[in-house]
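Quick notes on the structure that follows.
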Amino acid sequence: RNGGHIYFPYDDSRYPIPAADQAAYGSSANMDARYVDRLYKAVKAESPGFKLVFCPPFYAGPGDDPSYAYNESRDDYLRSIRYNLDPEVDVFWTGPRVKGWYKTAEHMAWLTNLTHRAPMIFQNQTGPHNSVSYITDETDHWLTWHYDRFFTNDIAGYLKNAHMGTEAPQT
């Protein structure tokens, strides 16, 4: 109503899923996108300009696949976003890895084939010093990390992780 929007983070806190949810739905792929969709549509009905960004637990790939740790298929989860989440909801992706820098057209095709949407990029790390940035670090990597059409045609938006004070000089 007053222009507020929501970031819905399921990235680092979704698993293990509660036993009741596991029993009722079998997996989070069978429930999460539907739940976020219901929430989005309920708020959107009251506030037509409302926007939502969803960070699923599987926000990286194809290089990183925590399916073994989550006891659930990453691809099934991402595919559920295609079928069960309103296309107006932005979905975070960090690239082929959680702290991935390089993103190729092949990486993008992998993701968009599963979700059928352009991702909202969350650049989780930029510094070459194990998440620590220094004022002398180069910051011209943005263009070399991404293919030509990446910024202009293939993504919904681009955000840099700036919550760590150690990355303040680059930000």
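The values are calculated or read from the model by the stated rules, or taken from the named source; none is laboratory data. Predicted model, so just to flag it, every value in this text is computed and none were measured. Methodologically, a virtual Cβ is constructed for each residue, glycine included, from the backbone with ideal geometry; neighbour enumeration extends over all protein chains shown.
Couple of notes before you dig in:
- Counted residues, segment 96-111 - those being out of contact with any Asp or Glu (no Cβ under 6 Å at 6 or more places or on another chain) and in contact (Cβ under 8 Å) with a residue 40 or more places away in the chain: 9
- Qualifying residue in segment 33-42 (condition: among the β-branched types (Val, Ile, Thr) and out of contact with any Phe, Trp or Tyr (no Cβ under 6 Å at 6 or more places or on another chain)): no
- Within the option set Trp110, Trp101, being farther than 16 Å from Arg14 by Cβ, out of contact with any Cys (no Cβ under 8 Å at 6 or more places or on another chain) and assigned to a loop (DSSP other than H, G, I, E, B) holds for one residue only, Trp101.
- Residue that is nearest to Thr115 (Cα to Cα) [pool: residues in segment 1-51 that are among the basic types (Lys, Arg) and within 20 Å of the chain's Cα centre (by Cα)]: Arg34
- Residue selected from segment 45-98 under the condition among the β-branched types (Val, Ile, Thr) and in contact with a strand residue (DSSP E or B) (Cβ under 8 Å, 6 or more places away or on another chain), by the criterion nearest to Pro9 (Cα to Cα): Val53
- Residues that are in contact with a Lys or Arg (Cβ under 7 Å, 6 or more places away or on another chain) and within 25 Å of Lys99 (Cα to Cα), drawn from segment 31-65: Pro57, Phe58, Ala60, Gly61, Gly63, Asp64, Asp65
- Scan of segment 112-134 for residues that are in contact with a helix residue (DSSP H, G or I) (Cβ under 7 Å, 6 or more places away or on another chain) and either modelled with pLDDT of 95 or more or over 20 Å from Tyr147 (Cβ atoms) (or both), ordered by number: Leu114, Thr115, His116, Ala118, Pro119, Gly127, Ser131, Val132, Ser133
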